[in-house]
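No value in this document is a laboratory result; all are computed from the given coordinates. Just so it is clear, the model here is predicted, and its values are computed rather than measured. Here the Cβ positions follow ideal geometry from the backbone for every residue, glycine too, while neighbour counts run over all protein chains shown.
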Amino acid sequence: MKTLSRRKFLTTSATFSAGLALSACNTVNTPARIPLRSLPEFPPYATMYGPVSDGGFNIPGVPYTKIPERFLRQVVKDPTGEKKGTIVVDTRGHFLFLVLGNGYAIRYGVGLGRAGFEWSGRAEIGAKREWPKWFPPDEMIDRDPKLEKYRVSYDAKNDVYNGGMEPGIYNPLGARALYLYEGKKDTLYRLHGSPEWNSIGKSVSSGCVRLLNQDILDLYDRVPIGTPVLVR
């Protein structure tokens, strides 16, 4: 398995804080709920990207007409050459493909990391989380003092970690997060939802791959733990 490449992002403090994000959010290994089919049928965009009530939260509808249609969820001819069930992130096109087999794939639009935050390689989904907490790295908090209230601290008396942003529609990890692993090691990278619909198709985030919340809900239900992931 090729090692994921990371530049300028994983300082010691970032590694510490982001590593806690997995252990402190009670990650659950939810199985896939939707079997892979060669040609799944999707509803019209107005329905697909309409408001969603999930887990006690109300996800607002997406103004999909303001997003280029190529970044909206759709079945396409598979351009990846990867085996069925593989997730492929095309960083040049800002697409995520879920390979269906028989020459087809589901294509989702994604937002990616800014210059200097890119990464690539092979990994697998090692864990899944519904409505995760967000733990910003210390270096991010140092750049933006408004995030100080989310800094992680350790309570030795009770042996617990405190801090982080609670789940919700404004949480940067959105409604779902898929955690990428190399073997048993957390790479600190995530495929996750985002409330920022206008970031799809752009390079704006700090290294992770973001989807519309409605799209991460769909992807999350289609992929199990162990799903191979290729970012290229």
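Details
- Neighbourhood net charge (15 Å Cβ-Cβ; Lys/Arg +1, Asp/Glu -1) for ASP218: +3
- Links that overshoot a 29 Å alpha carbon limit, given the list LYS77/LYS128; LYS66/LYS185; LYS66/LYS149; LYS77/LYS133; LYS77/LYS184: LYS66/LYS185; LYS66/LYS149; LYS77/LYS133; LYS77/LYS184
- Close amide-amide hydrogen proximity is noted between TYR104 and ASP78, each under 5 Å apart and 5 or more residues distant or on a separate chain (H modeled in the peptide plane; Pro and chain starts excluded).
- Cβ-based net charge around ASN162, under 14 Å, with every Lys or Arg adding one and every Asp or Glu removing one: 0
- Multiplying the residue separation of ARG114 and ARG37 by 0.36 nm and subtracting their alpha-carbon distance yields 24.3 nm.
- Derived scalar couplings between HN and Hα for region 163-175 equal x, x, 8, 5, x, x, 6, 9, 5, x, 8, x, 7 Hz in order, rounded to whole Hz, by the Karplus curve 6.51 cos²θ - 1.76 cosθ + 1.60 (θ = phi - 60°), x for Gly and Pro.
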